[in-house]
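Peer 1: I have a structure I would like to understand better, so I am pasting it below and will then ask my questions one at a time.
Nothing in this text is a laboratory measurement; each read-out follows from the coordinates by a stated rule. These numbers were taken from a predicted model, which means no experiment stands behind them. Here Cβ is always computed from backbone atoms with ideal geometry, including for glycine, and neighbour counts include all displayed protein chains.
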Protein chains: 2
Amino acid sequence: SHFEESSDFANYFCTYGFLYHQKQMLEDQRRMTAYHDAVMKNRSHFEGKVVLDVGAGSGILSIWAAQAGAKKVYAVEATRMSHHAARLVAHNGLADRVQVIQATMEDLELPEKVDIIISEWMGYFLIREAMLDTVIRARDKWLKPGGLMYPSHAKMFIAPVFNEETWQKHGAYTEAMSEWNRFTKDTKATYGVDMDCLTPSYRNEQREYYMGNGHWVEFGVQDIVGTTSCFYEFDMHTVTIEEVTNVNRPFQCTVQIDTKVSGFVGWFSVEFNGSAENPASVRVDLDTAPGLGYTHWGQQFFILYPPLHAQKGRVICGDIAVKRQKENQRLLELQMTHRVVRPAKDGTLPAQGDDAPVTSKWLVP
Amino acid sequence: SHFEESSDFANYFCTYGFLYHQKQMLEDQRRMTAYHDAVMKNRSHFEGKVVLDVGAGSGILSIWAAQAGAKKVYAVEATRMSHHAARLVAHNGLADRVQVIQATMEDLELPEKVDIIISEWMGYFLIREAMLDTVIRARDKWLKPGGLMYPSHAKMFIAPVFNEETWQKHGAYTEAMSEWNRFTKDTKATYGVDMDCLTPSYRNEQREYYMGNGHWVEFGVQDIVGTTSCFYEFDMHTVTIEEVTNVNRPFQCTVQIDTKVSGFVGWFSVEFNGSAENPASVRVDLDTAPGLGYTHWGQQFFILYPPLHAQKGRVICGDIAVKRQKENQRLLELQMTHRVVRPAKDGTLPAQGDDAPVTSKWLVP
Ligand SMILES: Nc1ncnc2c1ncn2[C@@H]1O[C@H](CSCC[C@H](N)C(=O)O)[C@@H](O)[C@H]1O
Ligand SMILES: Nc1ncnc2c1ncn2[C@@H]1O[C@H](CSCC[C@H](N)C(=O)O)[C@@H](O)[C@H]1O
């Protein structure tokens, strides 16, 4: 299959085998409400239909699909969680219509094509975990022409921020370096080995750790100091794996106060709109933006080091690339090139900024 | 090689590539002092000799070996830490005698056999990580007849305990179950799905998590309620991989007060004695027992659930088996069968205990 199997099971699938982990998702009220509403308020999409639930986990979405009138639901789950899903399905009186199958979606042959694919495949910053690949493959192989994707659309956002969290990371980094200096002194004094030559390497390592990784945060609107850029969006009915593996897009955010910008916050939304030919009667969305309340995804914080200064009205613009990590395709690597520019009276942006463009990199590990 | 390579690098070696992690070991004063003393107080073993450092990490042991007079040291390290080690060796003026080689020990050909193998291979409860296998293989292939192992001996211990930590774990387990019950009620009320049928599975999962795993602890002598059993010991010059993969030994601990026994604490020691033919001039040991002060290994706590009652003078005896986990050979699985018996006046133990023997299992994940 597409990922190296043994390490993928060791690293990726392992946690999903635990009820504890599924429970964390089942307790995410905004996630649950969105999927529940999407299904229950669009029963006409489900009544009498054949549904495929890609990555069924506990089976919750399959059960809802059946409760909404689906004639047959294939609930496909790679891990031993499938046993719990089967039990849950039976206990809720739906064993005649929901068939739980333990399999890697990629390796599975279904007896028929399906009318709807439902899946909760989103990872941090939308595409971490690369489960979207699995859903796209399932769509290309098993969705009938004109069939529906639940969710139907997805968007990725960033916005500039200035907040306390930054100084905590800066402080932790500084503290780590003082610690290291104490350590090298002690090691030389006590054990006769001079470790000073490793100081630059340790500094790099610690800077990577604190500034070179995305951090899970739960930000509020007050942390955001500029307009939001929706830098990427796609339709689940048509998006390709190639497209989502190589996201590289322009962005621009207008700074709204005189401020330092200490980083960017990234998040996503998905929508349940149906398709153009077969739209939802009630559109539902699940937006993980700052200020809308807890989701287990939170947001990702990408720290700028050092922070940049920007005046009200300036525009931060550039390009953002979201790629896969080479060593582990399920994890992300972000690269951003940005400059701060002063828009002309008519709103057009000059090619040159006040300062040279800056390139930053982060991992979403 | 012996472990499946790609997942082994993803799961096992990855952390050792970071200075942060090496630093945690380099700051472990009891570990450092033991190895430093072992080398520096036995210079006669090292002077003019060829040394192999298996898993050199930062290169610290190689540097000491060279400082103690070794004519040549091969410092073999699998991860990119080898680059830092090479820098450190050069910076400390030993590049002419210490040769750092980035390689998996198993895959490496050396130009000559060696007089001494030094290695810090110990994991939690001694044999977690299975790096001992690597050292044994290196010994069989590269140590000259009559050569020395540093350390030379190793021992594994358990003792019965009764302490606070137990009630914390019991409490956390109970709390997790109340949490679950709230959760199933909510899920039924809000989303129309009855999860009650998964309660026994969730209970098992949580019990496994809290009671079925060894926990890192730093116990004191006051936590121990019986005599210590050294249930396994071996000579590094002669031990085989087969022996350490299938440890299955009797143990017995005499209870020293009227008490509940809420579990067992497990730890290890290693000794630097040289060999029978070529003993150390100063013997050094590194003992990670409760009460001797911090090491990064701490001890492992294996909880009994429910606790057992024992009177002063009773003997807890039985068998302890330490095996590899099937899914990951570097991790451990412990099985213990024990009974509480009243020793006869002459100290002999009856075949039958007060109660039926109990079998418990734990993972060291
Ligand atoms: N390629 C694949 N084949 C089958 N299952 C997969 C898969 N990739 C991921 N999964 C499963 O997809 C699930 C995603 S989590 C979502 C679980 C459930 N649908 C819910 O909404 O609560 C996990 O249980 C994971 O094990
Ligand atoms: N099979 C193998 N081949 C080479 N190096 C190995 C190995 N198995 C483990 N190692 C390395 O052995 C080291 C063990 S930690 C000990 C590091 C150093 N000797 C010190 O005492 O501080 C790690 O850096 C790990 O990467």
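Peer 1: Taking H as built 1.01 Å from N, whose amide H comes closer than 5 Å to the amide H of A:N213, not counting residues under 5 places away?
Peer 2: Hits under the 5 Å cutoff: A:L363.
Peer 1: Work from the charge dipole of region A:1-79 (Cβ charges, +1 for Lys and Arg, -1 for Asp and Glu, about the Cα centre) and give the residue of A:N11, A:F46, A:H21 farthest towards its positive end.
Peer 2: Of the candidates, A:F46 comes out farthest on the positive side.
Peer 1: At A:S44, label 7 Å along Cα→Cβ: distances to the other copies, nm, ascending?
Peer 2: Label-point separations across copies, in nm and ascending: 9.6.
Peer 1: Let me ask you something else. Along Cα-to-Cβ, 7 Å out, sits the label point; list in nm, shortest first, how far the one on B:G293 is from those in the other copies.
Peer 2: 5.5
Peer 1: Enter the Cα centre distance for the pair region A:122-175 and region B:88-165, rounded to the nearest angstrom.
Peer 2: Between the Cα centre of region A:122-175 and that of region B:88-165, the gap is 43 Å.
Peer 1: In debye to the nearest 20, how big a dipole does the protein assembly as shown give about its Cα centre with +1 on each Lys and Arg Cβ and -1 on each Asp and Glu Cβ?
Peer 2: Its charge dipole is roughly 480 debye.
Peer 1: Explain nothing, just compute: Karplus ³J(HN,Hα) = 6.51 cos²θ - 1.76 cosθ + 1.60, θ = phi - 60°, for every residue of region A:181-193 in order, whole Hz, x for Gly and Pro.
Peer 2: 5, 4, 4, 5, 4, 4, 5, 5, 5, 8, 10, x, 10
Peer 1: Right, another one. Between the helical axis of B:199-211 and the dominant principal axis of chain B, each derived from Cα atoms, what acute angle in degrees is found, rounded to the nearest 10?
Peer 2: 40 degrees
Peer 1: Additional query: Since chains B and A are linked by a rotation, which residue in B has the beta carbon closest to its axis, and how far is it in Å?
Peer 2: Checking which Cβ lies nearest the axis yields B:S7, 2.
Peer 1: May I pose another question? What does the structure give for A:188-194 when I average, per residue, the other chain Cβ atoms found within 10 Å of the residue Cβ?
Peer 2: Average neighbour count from other chains, rounded to a whole number: 6.
Peer 1: Taking θ as phi - 60°, what are the ³J(HN,Hα) couplings along region A:267-283 by the Karplus curve (6.51, -1.76, 1.60), each to the nearest whole Hz, with x for Gly and Pro?
Peer 2: Ordered by residue, 3J(HN,Hα) equals 7, 9, 9, 10, 10, 10, 10, x, 10, 4, 6, 9, x, 5, 6, 10, 7 Hz.
Peer 1: If you fit an axis through the alpha-carbon atoms of helix A:29-40 and take the longest principal axis of the Cα set of chain A, what angle between them do you get, 0 to 90°, nearest 10?
Peer 2: Helix A:29-40 sits roughly 30 degrees off the main axis of chain A.
Peer 1: Now for a separate question. About the Cα centre of chain A, what is the dipole size in debye to 20, counting +1 per Lys and Arg Cβ and -1 per Asp and Glu Cβ, all else neutral?
Peer 2: The dipole magnitude comes to about 440 debye.
Peer 1: Now for a different question. Under the convention of a label 7 Å out along Cα→Cβ, give the distances in nm from B:T190 to the same position in every other copy, shortest first.
Peer 2: 5.0
Peer 1: If you don't mind, another one. Sum -39500 (n - 2.57) across every DSSP H segment of at least 4 residues in chain A, then divide by the residue count to get the 222 nm mean residue ellipticity, nearest 500.
Peer 2: Rounded to the nearest 500, the figure is -8500 deg cm²/dmol.
Peer 1: For peptide A:86-97, how many partner chain Cβ atoms fall within 10 Å of a residue's Cβ, on average?
Peer 2: For peptide A:86-97, the averaged partner shielding equals 2.
Peer 1: Compute the relative contact order of chain A as a whole-number percentage, counting only Cα pairs closer than 8 Å that sit 6 or more residues apart in sequence.
Peer 2: Dividing the mean separation by the residue count of chain A yields 17 percent.
Peer 1: While we're looking at this one, here's another question. Of A:N248, A:T238, A:V217, which is farthest along the charge dipole of region A:196-277 in the positive direction, counting Lys and Arg as +1 and Asp and Glu as -1 at C-beta?
Peer 2: A:V217
Peer 1: From the backbone phi of region B:46-58, what are the Karplus-calculated ³J(HN,Hα) couplings (6.51 cos²θ - 1.76 cosθ + 1.60, θ = phi - 60°) in whole Hz, Gly and Pro given as x?
Peer 2: Running phi through 6.51 cos²θ - 1.76 cosθ + 1.60 with θ = phi - 60° gives 9, 4, x, 9, 9, 10, 10, 9, 8, x, 6, x, 6 Hz.
Peer 1: Also, I was wondering about something else. For region A:43-153, with the dipole built from +1 on Lys and Arg beta-carbon atoms and -1 on Asp and Glu ones, taken about the Cα centre, which of A:A103, A:A70, A:V89 lies farthest toward the positive end?
Peer 2: Comparing the listed Cα positions along the dipole, A:A70 ranks first.
Peer 1: How shielded is B:177-183 by partner chains, expressed as the average number of their Cβ atoms within 10 Å of its Cβ atoms?
Peer 2: Taking all residues of B:177-183 together, the mean is 1.
Peer 1: Could you state the number of Å between the C-alpha centres of region B:261-304 and region A:283-334?
Peer 2: Going from one Cα centre to the other spans 48 Å.
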